[in-house]
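The values are calculated or read from the model by the stated rules, or taken from the named source; none is laboratory data. Owing to the predicted nature of the structure, the values given are computational and were not obtained by experimental measurement. Cβ placement follows ideal geometry from the backbone for every residue including glycine, while neighbour counts extend to all protein chains displayed.
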Amino acid sequence: MPEKTCIQVGGQAVVEGVMMRSPKGLAVAVLRANGEIVVRESPWRSYAERWAWLKWPFLRGAVVLLESLSNGINALQFSAQIAFDEENKTQSGQPDGQPDGQPDGQAKKPEGGAEMVTWLMVAVSVALGLGLFVALPHLIVWFGSWLMGRQLTVQQFLFHVLVGGVKFGVFVGYIALISRMEDIRRVFMYHGAEHQAIHTYEQGEDLTVDNARRYSPLHARCGTTFLILVIAVSILVFSLVFPPLIWAIGEPTRFGWLNQVIFILIKVPLLFPVAGLAYELQKWTSRHLDQRWARALAWPGMALQRMTTRPPTDRQLEAALASLQVVLWRERVGVEPGKGIEEKVTVYPDYPSLVQKLAQG
């Protein structure tokens, strides 16, 4: 029977591992080449828990998005550091310095090459995201309609529908392109492992590889589905915002191309309310998947997840289950009153040893 009282857990695939987040805890589990699982764990508290107004509907989605970006970048830094250290040890022939099953103590921030690579990856990702999924579709529709002799403007609903269609095409093409890279395919395998682990928990099953293997690597609350909803919601929001905006202020300049740059810049802050609406829609849909209309709304995102997930190996499933086990342990033990947030890194020889140690307290 599904566990009716399970807490909501979210995750993200990282470099050779998985991050999981619960209401009270955050954990990243990374696989080493020798089979060890390196886990960084810390108590965690949402900003919405500190300021109740951040829990308001249509506002909490933007909060979740910003927190997910922050946590995701931090987790990627940690996993990249582990991978960077592994590569250096392999090249130098150095043995692993930490005994199996022992704590490494306070987590250290990434240094040197790993930090540089991670932040470069983040900067490039943000630039690509805004360029590919905001600026490029807008300019394609504007310039394309001009070439066809029917100049469309941001006051027209058709303009935003076509921009949304181009966004979807660019997004699918981008996923198809990067999925040809071996490292990305492995991340997609961890993505599938993350979903299977969460399904196992949500169904009240024991968190074992055999149980997780039986569940789908697709999940209704996935970030891929969220992005599809963002595209759909952006069509509605932009088509409602721009006509009265242009009516109120008029055309910003006499130069058409410069107007489009201004419109693109206006769209960037509008992405926050768009994300908030998309979050509410996804949350609502995921609670009603027994209804045909909800499955129809979720279908495009679920279909696209077939591109962003891959069947994981047993060891990759163990990494996802390890991260999940740790945040669930944090939910059980809570956080000591008055104690600050401390990150701790522990190395486990394998998944069974992690489960055994957590069971001991």
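Data overview
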{"item": "Yes/no for Ile198 being in contact (Cβ under 8 Å) with a residue 12 or more places away in the chain, under 30 Å from His160 (Cβ atoms) and not hydroxyl-bearing (Ser, Thr, Tyr)", "result": "no"}
{"item": "Any hit, segment 287-305, residues being crowded, with 22+ Cβ neighbours inside 10 Å, within 16 Å of Leu26 (Cα to Cα) and among the small types (Gly, Ala, Ser)", "result": "no"}
{"item": "Count - residues of segment 288-339 that are part of a helix (DSSP H, G or I), within 19 Å of Tyr201 (Cβ to Cβ) and of a type in the set (Ser, Thr, Tyr)", "result": "1"}
{"item": "Some residue of segment 90-103 being touching a Pro at 6+ places or on another chain (Cβ under 8 Å), part of a loop (DSSP other than H, G, I, E, B) and either modelled with pLDDT under 70 or more than 20 Å from Ala320 (Cα to Cα) (or both)", "result": "yes"}
{"item": "Single match in Pro273, Pro244, Pro311 (criterion: within 21 Å of Gly11 (Cα to Cα), surrounded by fewer than 21 Cβ atoms within 10 Å (Cβ to Cβ) and not charged (D, E, K, R))", "result": "Pro311"}
{"item": "Ser125 small (Gly, Ala, Ser) and closer than 24 Å to Ile228 by Cβ", "result": "yes"}
{"item": "Neighbours by Cβ (under 9 Å, 6+ apart or cross-chain): first from segment 161-188, within 16 Å of Leu139 (Cβ to Cβ); second loosely packed, with under 15 Cβ neighbours inside 10 Å", "result": "Leu162/Gly144; Val166/Gly144"}
{"item": "Among (1) assigned to a helix (DSSP H, G or I); (2) out of contact with any strand residue (DSSP E or B) (no Cβ under 6 Å at 6 or more places or on another chain); (3) not small (Gly, Ala, Ser) - the single one Glu194 does not satisfy", "result": "(2)"}
